[in-house]
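The values are calculated or read from the model by the stated rules, or taken from the named source; none is laboratory data. All values reported here derive from a predicted model rather than from experimental measurement. Cβ: placed from backbone, ideal geometry, glycine included. Neighbour counts: every protein chain shown.
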């Protein structure tokens, strides 16, 4: 049985289609390929618009939207929220800096605990797409040993909002490294190769003060949002 505390696992986003999960235990490696269409609700010219969400509302702005939509008792596998870096950092980015551009979640099907569902927020309308089933397949290992329970955590236990003090504390050290920077991602990462438990990942994009080269970094925390597990914000 694949258990996060006894196996080396990975559950990674595969573009917008879903997840790839892999597990290793007792020398045997198995891979679970998870795919799901994450279609946002249609947005024609007559679609109501809402004020764009921004990371200035808190690093958990997407997490709060998901909790409101699914309820705090939902058990989630992973959450992806990404924010615009702004044109000053990324010349191809036309959105205002900090604006929420992606908010998606993969979570346990409340009607069938063996399965995952996926949904994403339409950031223009403020509405979540209808849930899409996630098709889990296992290759390179024993499919009978795959346990979805090893890859999910109650949303109520994930405190992305607690990342705010750490982000505030980075203003001075980051200003010495970057001429300008922006927080570009707040994610809940599933157990994987480098962690046997869920982690919160905080991403940064910036322009190096020394040569104006675009650079990125990240820090990882326990799901309490306070316990720093690794700090790779500096190049």
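When each of 2, 9, 19 is tested for being modelled with pLDDT under 95, surrounded by 14 or more Cβ atoms within 10 Å (Cβ to Cβ) and touching a helix residue (DSSP H, G or I) at 6+ places or on another chain (Cβ under 6 Å), the lone residue that passes is 2.
When the test is whether a residue is surrounded by fewer than 18 Cβ atoms within 10 Å (Cβ to Cβ), at pLDDT 95 or above, out of contact with any helix residue (DSSP H, G or I) (no Cβ under 8 Å at 6 or more places or on another chain) and part of a helix (DSSP H, G or I), residue 172 passes it. Restricting the stretch 216-235 to residues that are in contact with a helix residue (DSSP H, G or I) (Cβ under 8 Å, 6 or more places away or on another chain) and buried (at least 18 other Cβ atoms within 10 Å of the Cβ), the residue that is nearest to residue 182 (Cα to Cα) is 233. I'd like the full set of residues that are out of contact with any strand residue (DSSP E or B) (no Cβ under 7 Å at 6 or more places or on another chain) and modelled with pLDDT of 95 or more, limited to the stretch 72-89. Once the filter is applied, which keeps residues that are out of contact with any strand residue (DSSP E or B) (no Cβ under 7 Å at 6 or more places or on another chain) and modelled with pLDDT of 95 or more, the stretch 72-89 yields only 87. Name the one entry in 112, 73, 90 that is loosely packed, with under 15 Cβ neighbours inside 10 Å and more than 22 Å from residue 163 (Cα to Cα). None of the others qualify; the one that does is 112. Whenever a residue of the stretch 134-146 is more than 14 Å from residue 77 (Cα to Cα), its partners that are modelled with pLDDT of 75 or more and surrounded by fewer than 13 Cβ atoms within 10 Å (Cβ to Cβ), lying with C-beta atoms within less than 8 angstrom and at least six residues away or across chains, give the pairs 137/143. Taking (1) surrounded by 17 or more Cβ atoms within 10 Å (Cβ to Cβ); (2) touching a strand residue (DSSP E or B) at 6+ places or on another chain (Cβ under 6 Å); (3) at pLDDT 95 or above in turn, residue 34 satisfies each apart from (3).
Number of residues in the stretch 182-231 that are under 22 Å from residue 148 (Cα atoms), modelled with pLDDT of 95 or more, part of a loop (DSSP other than H, G, I, E, B) and within 14 Å of the chain's Cα centre (by Cα) equals 3.
The condition (being surrounded by 18 or more Cβ atoms within 10 Å (Cβ to Cβ), within 16 Å of the chain's Cα centre (by Cα) and at pLDDT below 95) is satisfied by just one residue among 151, 107: 151.
Residues in the stretch 115-147 that are buried (at least 20 other Cβ atoms within 10 Å of the Cβ) and farther than 18 Å from residue 71 by Cα: 123, 134, 136, 146.
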